[in-house]
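See below for the structure under consideration.
The values are calculated or read from the model by the stated rules, or taken from the named source; none is laboratory data. Just so we're clear, the structure is a prediction, and the values are computed from it rather than from any experiment. Neighbour counts are summed over all protein chains in view; Cβ atoms, including those assigned to glycine, are modelled from backbone coordinates with ideal geometry.
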């Protein structure tokens, strides 16, 4: 007598057992698909940043300026000025300072350009003499041929620039649009930043608002400390290189200082890259010996920044490893060029601070749902502050 067919009595389902996957493969697959999802989300974010870069980067710069100037608004509020008026005065004062700085630098360049151009002409004459009497022993015809090729190249490039006048005009228009975005965004961040952040927090699910709000406050503190430390480092770099340039009697000391100050906002490499301009000016003005001394001064200032200022200020305020800084700068350059390099390091510092803050809620191996179930109640001070923000928003 035949045994009954289990598949027939089971409604026709096949009688085989599920394949047993090794635990290592199962774990690797779980990590792999999660990594793919996270990577895809990151690429989408980077694509969106690149697509809306003309909005994103002005907003980021405005956020940095607001983080730097927020204490000034607080001081004006404490002496009795309304917040909106204090923010307006800070923005107008910042524009006035920038205008005065640009005027001063322009005057310095105009006054030193004539002398520098004469030294450039003398230097070119010395180069011509060296080509004739040096190891190359070039003849006048060869030198004139090289000069002619250089002039043809410059003429060709000038023609290309003329043909791209429309592109240049479009770029100027984008720069002006970015400037006004920075201007108005800075004002509203200073005047209504607390209301903007309260609106953003309300977008999150109710259960996540507490941590979202605390993470945002941690990010703001980290950004504020980073910007202040960067300004101190940039100012020290600029003053140091200006002092060395003044001792060596290098022309255009003030414009060089401004350029170094702006370049130092890219940590580790910005001050050195912008300081090479001082070396080139010293080479043109005083020859190779002074240029080498100027190069040594730039390297000295860079070493002081890397071994004294960065560990003392950045290590105290922002705990980001130098390797993370370098990789962040490289990623920023790949994504958005110079603007990306400026934004990358504060973004890395802010994300690092938020990750450390969120990681403090759980220990390694804790279940996320169990940790969330045992979360402490709302902070009374935070709840009172949020309620005050909502009340102020209702009155306005």
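Annotations for the structure displayed:
- Subset tally (residues that are surrounded by 11 or more Cβ atoms within 10 Å (Cβ to Cβ) and not in a helix (DSSP H, G or I)) for segment 56-106: 2
For (1) under 19 Å from residue 64 (Cα atoms); (2) surrounded by 11 or more Cβ atoms within 10 Å (Cβ to Cβ); (3) modelled with pLDDT of 85 or more, each residue gets a yes or a no:
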position	(1), (2), (3)
137	no, no, no
160	no, no, no
166	no, no, no
169	no, no, no
184	yes, yes, yes
190	yes, yes, yes
200	yes, yes, yes
204	no, yes, yes
243	no, yes, yes
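For every residue, the table says whether it meets (1) closer than 27 Å to residue 287 by Cβ; (2) at pLDDT 85 or above; (3) not assigned by TED's automatic domain parsing to the domain that holds residue 350.
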| position | (1), (2), (3) |
| --- | --- |
| 218 | no, yes, no |
| 233 | no, no, no |
| 238 | yes, yes, no |
| 246 | yes, yes, no |
| 252 | yes, no, no |
| 262 | no, no, no |
| 265 | no, no, no |
| 273 | yes, no, no |
| 276 | yes, no, no |
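- Among the residues here, residue 260 qualifies as crowded, with 22+ Cβ neighbours inside 10 Å and either under 23 Å from the mean Cα position of the chain (by Cα) or over 25 Å from residue 101 (Cα atoms) (or both).
- So residue 229, is it surrounded by fewer than 21 Cβ atoms within 10 Å (Cβ to Cβ) and either farther than 28 Å from residue 349 by Cβ or in the same structural domain as residue 298 (by TED's automatic domain parsing) (or both): no
- Residue match in segment 196-207 (condition: free of Cβ contacts under 8 Å to residues at least 60 places away in the same chain, assigned to a helix (DSSP H, G or I) and farther than 26 Å from residue 55 by Cβ): yes
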